[in-house]
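Below is one structure; the comments refer to it alone.
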Amino acid sequence: MTMDFSRFEGEPWFQHDTEMRSPEATTALGQKLQDKVKCPIVPGATYEYLDDATPANLEREDIQVGPSLGFLYRDPARDAAAAKIVLYIHGGAFICGNGNYARFVGFNVSNKLGLPVLTVEYRLAPEHKLPAGLDDVHGFYKYLIEQRGYQPDDIVVMGDSAGGEMALALAIRLIRLGRPTPHKVIALHPAVDVYSDTVNIRHGLVSHRDNIDTDQIFLGGLAPALHDMLLPGTALDDDPEVSPICFDQPEKFPPTLIVADDTEILLCDGLLFGEKLAKAGVDVKVHIFHYMWHDFQVFFPDIPESEVVWRECREFLGL
């Protein structure tokens, strides 16, 4: 990791952890990660090894909206009077992950935040090019308002990786449509530019190149071929609904929490998008972890570093 953080030091919105686990502990946990992530990031890959059995304290409701299925998790005792709900969008580079993955993340987030969570099994590329997945997520957002009685200020939009991008993109779409934005946005390790990859760098996203050797999830970085799987041609490369870093009205964004890690290739994505919001006067916080990895809290929701993330999310939401 060669990122120079000096220009961010002292900024009230910026936090960078500089301590790390011992090398032995990091190596051991990294091996557990490799053992756990048994599926490559390729089109159609699933995460069947994840245990998606609904925890005893939660009820699950399956909801069909348009072409996609959602899974609503709630604790009947805890959530009877819950004023807020989380709309959660799973990651997977826009090309992989399925209902199993969405369910696993959904019930973990529900129990970690103490809120009902609606998680979406959205359509994937390359069969469904961008922004098909965002269309599905937008459909569930409208469903919560039009059919479940929630107001926009009751909804927290949250996602990881590609889902983090779509959490940001949904807020952008709503702003462009002149519609009320959600209460708050939480983006865990988001991507913010569909064009930038290991070879093609723009908007200062140098971690796509510089962190190739340290990222433990995207082994070898993001291949340029991924772009062609996601988009039909290049006409949408600068559309902020697929590349949020291109958005030109950041001052209209709702309060936003962004999490990233200094060894992942998407480090600069979260960091520089957060800086853009901060310069526009938005209530934003960016927390950069040290020597963890992309989406660590998704794969290991109970380790100490993940508990820090969940606690920070609760504090951000006033819970």
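The values are calculated or read from the model by the stated rules, or taken from the named source; none is laboratory data. This one's a predicted model, so the numbers in the text were calculated from it and none came from an experiment. Positions of Cβ are generated from backbone atoms using ideal geometry, with glycine treated the same way; all protein chains shown enter the neighbour counts. Protein only, heavy atoms only, side chains kept; ligands, DNA and RNA dropped before computing areas. Shrake-Rupley method; radii C 1.70, N 1.55, O 1.52, S 1.80 Å.
For this structure, a couple of remarks:
- Of all residues in the range 77-110 being β-branched (Val, Ile, Thr) and more than 14 Å from the chain's Cα centre (by Cα), the one that is nearest to Ala171 (Cα to Cα): Ile85
- Any hit, the range 89-111, residues being in a strand (DSSP E or B), more than 15 Å from Glu59 (Cα to Cα), modelled with pLDDT of 90 or more and in contact with a helix residue (DSSP H, G or I) (Cβ under 9 Å, 6 or more places away or on another chain): yes
- Here Ile201 meets each of (1) in contact (Cβ under 8 Å) with a residue 12 or more places away in the chain; (2) in a loop (DSSP other than H, G, I, E, B) with one exception, condition (1).
- Within the range 292-319, being touching a Lys or Arg at 6+ places or on another chain (Cβ under 7 Å) and not hydrophobic (A, V, I, L, M, F, W, C) holds for one residue alone: Pro301.
- Condition check for Val298: over 16 Å from Asn211 (Cα atoms), at pLDDT below 95, open to solvent by less than 10 Å² (accessible area, probe 1.4 Å) and in contact with a helix residue (DSSP H, G or I) (Cβ under 9 Å, 6 or more places away or on another chain): yes
- The condition of being open to solvent by less than 50 Å² (accessible area, probe 1.4 Å) and either β-branched (Val, Ile, Thr) or under 19 Å from Asp160 (Cβ atoms) (or both) holds for only one of Pro250, Pro304, Pro254, that being Pro254.
- For Pro76: the one exception among (1) without any contact (Cβ under 8 Å) to a residue 24 or more places away in the chain; (2) not in a loop (DSSP other than H, G, I, E, B): (2)
- First in the range 246-270 and of a type in the set (Lys, Arg), second anywhere and surrounded by fewer than 24 Cβ atoms within 10 Å (Cβ to Cβ), Cβ under 6 Å, 6 or more apart: Lys252/Ile175
Quick grid of which residues meet (1) surrounded by 22 or more Cβ atoms within 10 Å (Cβ to Cβ); (2) closer than 21 Å to Ala167 by Cα:
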{"site": "Asp51", "(1), (2)": "no, no"}
{"site": "Glu61", "(1), (2)": "no, no"}
{"site": "Tyr101", "(1), (2)": "yes, yes"}
{"site": "Ser110", "(1), (2)": "yes, yes"}
{"site": "Lys129", "(1), (2)": "no, yes"}
{"site": "Asp136", "(1), (2)": "yes, yes"}
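- Checked against the criteria, Thr181 counts as closer than 23 Å to Tyr88 by Cβ and in contact (Cβ under 8 Å) with a residue 60 or more places away in the chain.
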